[in-house]
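Laboratory data are not the source of any read-out in this text; all were calculated from the coordinates shown. Bear in mind the structure is a predicted one, so any value in this text is a computation, not a measurement. Glycine also receives a Cβ, built like all others from the backbone with ideal geometry; neighbour counts cover every protein chain displayed.
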Amino acid sequence: MMTQTSSSASAPPALPVRNAGAPPVFQVRQVSKIFSSRTGQVEALRDVSFDFADGSFTCIVGPSGCGKSTLLRILGGLETATYGEITVNLPKSRVPQSAFVFQEHGVFPWFDVLDNVTFGQRMAGVGKVEREDVARRWIAEVGLTGFEHAYPHQLSGGMRQRIAIARAFATGSPSLLMDEPLGALDAQTRMLMQEQLVRLWEAERKTVVLVTHSIEEALLLGDQIIVMSARPGRIKEVIDVPFGRPRDVSIEGTERFAQMRQSIWESLRDEVQASMRYS
Ligand code: ADP
């Protein structure tokens, strides 16, 4: 059975609600997803309902195979729900409503950094001068100035992910959907990138949904954390992150952070065990 709760004991973060009263950017109502194949059916999601507020940063954690990526893909229109309803309240313009960042393979190996970062805008028909101006700004924001004409294979994994993040921001989409964007990075690079993402998001306030395996990352980045159950993925719990903004990695050393991490892990542990039994 789905239990969707919100931890009311936590104080609200300092700057989350933008455009109070605006409709949720993604309104998800009783969404289920069943994949059918020659070998049978997989129920990936069951009865998921949630409102993603304008300008909010939501992290999704849950065991492998519980439907996190499927939910993200449904939000971005790459998959359709089998049952239920999704309402997207984003302006229709020449840029896509949502930009994706995936864990890997998110950059085109045959384009240099500049062409990768301008890609979304090029597809949207933005002129060369304007799109290169915007791209250079985002290349600078992610610390890649000087590498505009380097090709992905000449760069480290962390630098390649920074290209993907710069491209997502440069596209100008009001929503970013990120699937383990930092998952393939080494621990130190990941920490630096987390700090960078916090800073970029705080400056831009796009509506972000980020899937992660890391409870720490979810606490560091998110306004709220959705904990998913084992497959079929349901929302087990919604946790309001009690840390204010601007936020930096120093919160990781606090007792509150340790308590939150422990309580999220307790919520997740049963689901991870259940998913190990099924697989
Ligand atoms: P997560 O992101 O939580 O690891 P996914 O959303 O990738 O989980 O997958 C949820 C379940 O749906 C998994 O069992 C996966 O194998 C299955 N699945 C995902 N995409 C497809 C697909 N296109 N066809 C069939 N099964 C799929």
Just want the answer: with Cβ charges of +1 for Lys and Arg and -1 for Asp and Glu, which residue in Cys66, Trp110, Leu78 is farthest toward the dipole's positive end in the range 15-124? Leu78
Compute the Kirkwood hydrodynamic radius of the range 142-185, taking the inverse of the mean of 1/r over all pairs of distinct Cα atoms, and give it in Å to one decimal. 11.3 Å
If Lys and Arg each add +1 and Asp and Glu each add -1, what is the summed charge of the other residues whose beta carbon sits under 13 Å from the beta carbon of Glu79? +2
I'd like to compare 239-250, 77-88: which one has the highest average count of other Cβ atoms within 10 Å, and what's the full order after that? 239-250, 77-88
Averaging sequence separations of C-alpha pairs under 8 Å and six or more residues apart, then dividing by the length of the range 84-214, give the relative contact order as a whole percent. 33 percent
In nm, the gap between the two label points placed 7 Å beyond Cα toward Cβ at Gln262 and Ala187 is 2.1 nm
Cα-derived Rg to Rh of the range 123-279, Kirkwood definition: 1.01
Per-residue ellipticity at 222 nm attributable to helices in the chain (runs of n ≥ 4 DSSP H, -39500 (n - 2.57) apiece, nearest 500 deg cm²/dmol) works out to -11000 deg cm²/dmol
For the chain, set up a Gaussian network in which alpha carbons nearer than 10 Å are linked by springs, and say which option among Gln196, Gln30, Gln154 fluctuates the most. Gln154
Net charge over other residues, Cβ less than 13 angstrom from the Cβ of Tyr151 (K, R count +1; D, E count -1): -2
I need to check one value: relative contact order of the chain, counting alpha carbon pairs closer than 8 Å and at least 6 residues apart, in percent. 28 percent
Return a whole-number percent for the relative contact order of the range 122-279, with Cα pairs under 8 Å and 6 or more residues apart as the contact set. 16 percent
Compare Ser49, Ser93, Ser267 in a GNM of the chain, Cα atoms joined below 10 Å, and give the one with the largest fluctuation. Ser93
Inter-probe distance in nm under a simple model that places probes 7 Å from Cα toward Cβ, at Glu104 and Arg29: 4.0 nm
What is the Cα coordinate range of the chain on the first, second and third principal axes, sorted by size from largest, in whole angstrom? 53, 50, 40
If the viscosity is 1.002 mPa s and the temperature 20 °C, what Stokes-Einstein diffusion coefficient in µm²/s follows for the range 27-161 when Rh is the Kirkwood radius over Cα pairs? 122 µm²/s
Take the Cα of Ser64, step 7 Å along the line toward its Cβ, and report every residue of the range 87-130 whose backbone nitrogen sits under 17 Å from that point. 103-104
Result: in the chain the number of Lys pairs with C-alpha under 19 Å apart, spaced 8 or more or on different chains, is 4
